[in-house]
C-alpha cells in the first residue's frame, strides 16, 4: 500500500470553502477511484487553519492516476489560491 499525507495551512478567510471542497474531494476519491482505499480529513485541535489528509492507495500508480482525475484537478485549481502552505509526503505501508 502507498500512503500520502498532506498538511495544508489555509487562509482563514477561505476555511468554509476549503472544508467543503476537501470533504467533496475525499468522497469523490473514495467513490470514483478503485485504487483509493482511505481518505481521511482531520483538522488540528489547536488551529482550525491546519488540515491534515491521510490517504491510502493500492500503489504509486494508483496515486499517480488520482492526480490526473477530473475531480482532483478541479479541487487543486479551486483551493490553490486559498493555501498558505502545503506539505505532501509519501510513505510505503509496512
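For this structure, a couple of remarks:
- Filtered residue count, region 14-40, keeping only those that are within 15 Å of residue 78 (Cα to Cα) and free of Cβ contacts under 8 Å to residues at least 24 places away in the same chain: 3
- Complete set of residues in region 41-94 that are touching a residue at least 60 places away in the same chain (Cβ under 8 Å), farther than 22 Å from residue 1 by Cα and part of a strand (DSSP E or B): 83, 84, 85, 86
- Among the residues making up region 68-83, those that are farther than 15 Å from residue 34 by Cβ and exposed (fewer than 10 other Cβ atoms within 10 Å of the Cβ) are 70, 77, 80, 81.
- Some residue of region 21-30 being out of contact with any strand residue (DSSP E or B) (no Cβ under 9 Å at 6 or more places or on another chain), closer than 12 Å to residue 62 by Cα and either assigned to a strand (DSSP E or B) or modelled with pLDDT of 95 or more (or both): no
The values are calculated or read from the model by the stated rules, or taken from the named source; none is laboratory data. This is a predicted model, so every value here is computed, not measured. All Cβ positions, even for glycine, are placed from backbone atoms using ideal geometry, and neighbour counts span all protein chains on display.
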